[in-house]
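Only one structure is covered here, and it is reproduced in the block below.
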Amino acid sequence: MRIPYYQVNAFTSQNFAGNPAGVCLLDEWLSNDLLQKIAAENDLSETAFLVKRYGFYDLRWMTPTTEVDLCGHATLAAAYVLFFEKGLESDRIAFQTLSGRLSASRSAQHVELDFPSRPPQVCPPPKDLVEGLGAKPVEVLKARDYLAVFESAAEVAALNPDMKLLAALDCLGTIVTAPGKEVDFVSRFFAPKVGVPEDPVTGSAHSSLIPFWSSRLGKTELQASQISQRGGSLSCRLLGHRVGIGGQAVVYCRGELELR
């Protein structure tokens, strides 16, 4: 069996930056065990698996260790492949996922994802969160993930978390964020529980970051930067109960997976 495969760097316009995602184009679903083995073999933070249906695509995302309910960069990577590699004529793609119906639209080389908004709620800071980050945030909130707010981008950049403590938290991952200088806000994302110690650029985290910073800054259009080692840039919009998460992408490799 041969599976068309692409590796795409998302939320960047150049290679060796952004967040790399695998994109597998399937005729029909393989077993969950085989999908997970492929994701583990790829050893990227996420691999996207797509099956074409009538008028939309089924889409699933897997880390090297587990399936996740929402992933932004691998969705952008999948949309980029369909738009610019497979020659999809439409400027909009619909996906059916564990998080319901999502969509992606293109304008020139820019792709915007239509994702659910997940506003975080203020909560007491867990002991393992503060100790795991090695620094006390000014505020802690929670939606799917914990959101730890710091005063400056320098504080966020300086964090060197204890991944064992963060993996023990009752959430998928931990977002850390602060106001930016050249952008509206910066962030980093840690998800050791699902095999991703630090994710280079995390679209799904912006389902919480966008409503949070939109409320704090009093604006519905924002520019964001994820300040991981690879780094990435995102254009963000608050759309009522939805968010728009936009960026560019670049294909790093094209080929096939051969399964025997």
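The values are calculated or read from the model by the stated rules, or taken from the named source; none is laboratory data. The model shown is predicted, which means the values in this text are computed figures rather than measured ones. Every residue, glycine among them, receives a Cβ derived from its backbone with ideal geometry; neighbour counts consider all protein chains shown.
Can you tell me which residues in segment 212-255 are aliphatic (A, V, I, L, M) and within 14 Å of F185 (Cβ to Cβ)?
Keep residues of segment 212-255 that are aliphatic (A, V, I, L, M), which gives 217, 222, 224, 227, 234, 238-239, 243, 245, 249-251.
Hits for segment 212-255 are L217, L222, A224, I227, L234, L238, V243, I245.
Would you say A205 is small (G, A, S), within 30 Å of D43 (Cβ to Cβ), in contact with a Phe, Trp or Tyr (Cβ under 7 Å, 6 or more places away or on another chain) and modelled with pLDDT of 95 or more?
Taking the combined requirement at face value, the residue satisfies it.
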- Does Q14 satisfy the criteria of being surrounded by fewer than 24 Cβ atoms within 10 Å (Cβ to Cβ), in a loop (DSSP other than H, G, I, E, B) and outside the structural domain of S187 (by TED's automatic domain parsing)? yes
- Message: Tell me whether segment 202-219 contains one or more residues that are surrounded by fewer than 19 Cβ atoms within 10 Å (Cβ to Cβ) and not in a helix (DSSP H, G or I).
- Response: yes
- Note on the structure: Exactly one of D33, D58 is assigned to a strand (DSSP E or B), surrounded by fewer than 24 Cβ atoms within 10 Å (Cβ to Cβ) and modelled with pLDDT of 95 or more, and that residue is D58
- Item | Y80 being over 21 Å from the mean Cα position of the chain (by Cα), aromatic (F, W, Y) and not in a strand (DSSP E or B) | no
- Checking R260 against (1) surrounded by fewer than 24 Cβ atoms within 10 Å (Cβ to Cβ); (2) more than 24 Å from D114 (Cβ to Cβ); (3) at pLDDT 95 or above, which test does it fail? (3)
- Task: State the number of residues belonging to segment 169-193 that are among the hydrophobic types (A, V, I, L, M, F, W, C), under 23 Å from K127 (Cβ atoms) and under 16 Å from the mean Cα position of the chain (by Cα).
- Result: 7
